[in-house]
Amino acid sequence: ELLKGKEVDGIMVEEMEKDIHRLDRITDRFSKIGSKPSLKPNNIINLTKEAVSYLQARSAKRVKIEFSSPDGIDDIILHLNKPLYEWVIENLIRNAIDAIDGNGNIKVSLTEHAKHMRIEVQDDGKGIPQNKQKTIFRPGYTTKSRGWGLGLSLTKRIIEEYHEGRITVSNSEMGKGTTFRIQLKKPD
């Protein structure tokens, strides 16, 4: 508010407000872990697009994040917990940014199927060895020098336990990249 009054660059103030709002969401997300969160009808296309846009604006210019959804469809309603679903997408994109070492391509795509939605996060990074693809979802697994290795285990819990969906590594090739696939049931 002080910066607004001092006529500081409006774009900078707007981005700072987004970051403050994000900190509120992070607090909300952590308060939901450990208790069964409520699922409400949400437009999965908009939620995913917002998460992608947020991270694209905060990523290096050498990181290209592409988003695609079913042609001609603006909204697909699923029962989701908005803050936790957004956290899942952001976490997968952040992991992809790490995998490409801040220089490469990431594709986030939504495809509609008869009974479910498929969300894929694909990167052209270093890939995950075949013998590690099941262990990456275990708490404590990390390839980073910092961190607790909780990101993918929480992602799996949010998708599978809270949203009754499924998350897998659908494809990974060393030196070519990885694709994470989420499947979420559509309401009957």
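The values are calculated or read from the model by the stated rules, or taken from the named source; none is laboratory data. Worth saying up front: this structure is predicted, and the values here are computed from it rather than measured. Every residue, glycine as well, gets a Cβ built from its backbone with ideal geometry; the counts of neighbours run over all protein chains shown. For accessibility, only protein heavy atoms count, side chains too; no ligands or nucleic acids. Shrake-Rupley method; radii C 1.70, N 1.55, O 1.52, S 1.80 Å.
Just a few scattered comments:
- Scan segment 26-48 for residues that are open to solvent by less than 90 Å² (accessible area, probe 1.4 Å) and at pLDDT 70 or above and the total you get is 11.
The rows are residues; the columns are (1) closer than 19 Å to Ser68 by Cα; (2) in contact with a Ser or Thr (Cβ under 9 Å, 6 or more places away or on another chain); (3) assigned to a loop (DSSP other than H, G, I, E, B).
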{"residue": "Thr111", "(1), (2), (3)": "yes, yes, no"}
{"residue": "Val121", "(1), (2), (3)": "yes, yes, no"}
{"residue": "Gly125", "(1), (2), (3)": "no, yes, yes"}
{"residue": "Ile136", "(1), (2), (3)": "no, yes, no"}
{"residue": "Pro139", "(1), (2), (3)": "no, yes, yes"}
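- Leading residue by the ranking (surrounded by the fewest Cβ atoms within 10 Å (Cβ to Cβ)) among those in segment 54-64 that are touching a strand residue (DSSP E or B) at 6+ places or on another chain (Cβ under 8 Å) and part of a helix (DSSP H, G or I): Gln56
- Test: residue in segment 65-86 that is assigned to a loop (DSSP other than H, G, I, E, B), within 13 Å of Leu184 (Cα to Cα), open to solvent by less than 60 Å² (accessible area, probe 1.4 Å) and of a type in the set (A, V, I, L, M, F, W, C): yes
- Leading residue by the ranking (modelled with the highest pLDDT) among those in segment 141-188 that are β-branched (Val, Ile, Thr) and in a loop (DSSP other than H, G, I, E, B): Thr142
- Considering (1) over 12 Å from the mean Cα position of the chain (by Cα); (2) surrounded by 21 or more Cβ atoms within 10 Å (Cβ to Cβ); (3) of a type in the set (A, V, I, L, M); (4) more than 20 Å from Arg166 (Cα to Cα), the lone condition that Ala99 does not fulfil carries the number (2).
- In segment 106-130, the residues that are farther than 16 Å from Lys176 by Cα reach residues that are acidic (Asp, Glu) and open to solvent by less than 50 Å² (accessible area, probe 1.4 Å) with C-beta atoms within less than 6 angstrom, at least six apart or across chains, in these pairs: Ser109/Glu120.
- When the residues of segment 49-95 are filtered to those that are of a type in the set (Lys, Arg) and in contact (Cβ under 8 Å) with a residue 40 or more places away in the chain, the one that is nearest to Thr168 (Cα to Cα) is Arg94.
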